[in-house]
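Chemist: Take a look at this one; I'll ask things after.
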Amino acid sequence: MTGAPSLEYEAKEWQIDGRRNLLLTVTLPVFPYTRQTRTTRWRDNPSGARVRAYNEARATLRDALTAIMLAEKLQPFDPVPLGMSSFFWLKNPGRVDLSNLEKALEDSGNGGILYPDDRWIWHRGFGGKALGEPRFRLHLWEIKER
């Protein structure tokens, strides 16, 4: 299904026992989280270049998630405890730390795109990474009934 230009994705939303679930599968690579300080983001060296690349990739991912949510008329989650699981397909999965991929995806959903803030993610479900064309699957769900 494509609702945003040149973006391949699938979006599903459903309820289980009054708790909302959202599943997104998006054909877009995720650049792993890169630790940054006030100075590394502006340095003209490899450390600064990696931080800038992460910030640019995160902005692209945020734009894609925003476009999907708007195209599918999906609302972000309210500030309630959430569960999150994610799976990543990569061209070279042995070179990337899974937790850094998960953190990058968490950061991209902040600010009301998927949820108000990633501090609302209280539980991690099954996740992983595998060899394949770059894409990811993200499952978010409400932990408690409202």
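Chemist: Name the residue, out of Ala57, Ala130, Ala104, whose mean-square fluctuation peaks in a Gaussian network model built on the chain with Cα pairs under 10 Å.
Modeler: Ala130
Chemist: Using the charge dipole of region 73-146 (Lys, Arg: +1 at Cβ; Asp, Glu: -1 at Cβ; taken about the Cα centre), state which of Pro116, Gly127, Trp141 has its Cα farthest towards the positive end.
Modeler: Looking along the dipole axis, the top candidate is Gly127.
Chemist: If the only charges are +1 at each Lys and Arg Cβ and -1 at each Asp and Glu Cβ, what is the size of the charge dipole of the chain around the Cα centre, to the nearest 20 debye?
Modeler: The dipole of the chain has a size of about 520 debye.
Chemist: Can you give me the distance in nm between label points at Leu131 and Ser6, each placed 7 Å from the Cα along the Cα-to-Cβ direction?
Modeler: 2.9 nm
Chemist: Please give me, ordered by residue number, the GluC sites (Glu not before Pro) of region 87-146 that lie in loop per DSSP and have at most 14 other Cβ atoms within 10 Å.
Modeler: Glu145
Chemist: How large a share of the accessible area of region 50-133, in percent, is made up of carbon and sulfur atoms when the probe is 1.4 Å and the other protein chains stay in place?
Modeler: 52 percent
Chemist: For n ≥ 4 DSSP H runs only, could you compute -39500 (n - 2.57) per run for the chain, divide by its residues and tell me the 222 nm figure to the nearest 500?
Modeler: -8500 deg cm²/dmol
Chemist: Now for a different question. Given 0.36 nm per residue, what is the gain on full extension from Arg119 to Asp97 after removing their alpha carbon distance, in nm?
Modeler: 5.8 nm
Chemist: Using a 1.4 Å probe, what is the accessible area per residue for the chain, in Å²?
Modeler: I get 57 Å² per residue for the chain.
The values are calculated or read from the model by the stated rules, or taken from the named source; none is laboratory data. In this text the structure is predicted, and so the values were computed from the model without any measurement. Here Cβ is always computed from backbone atoms with ideal geometry, including for glycine, and neighbour counts include all displayed protein chains. These accessible areas exclude ligands, DNA and RNA; they are computed on the full protein's heavy atoms, side chains included. Shrake-Rupley method; radii C 1.70, N 1.55, O 1.52, S 1.80 Å.
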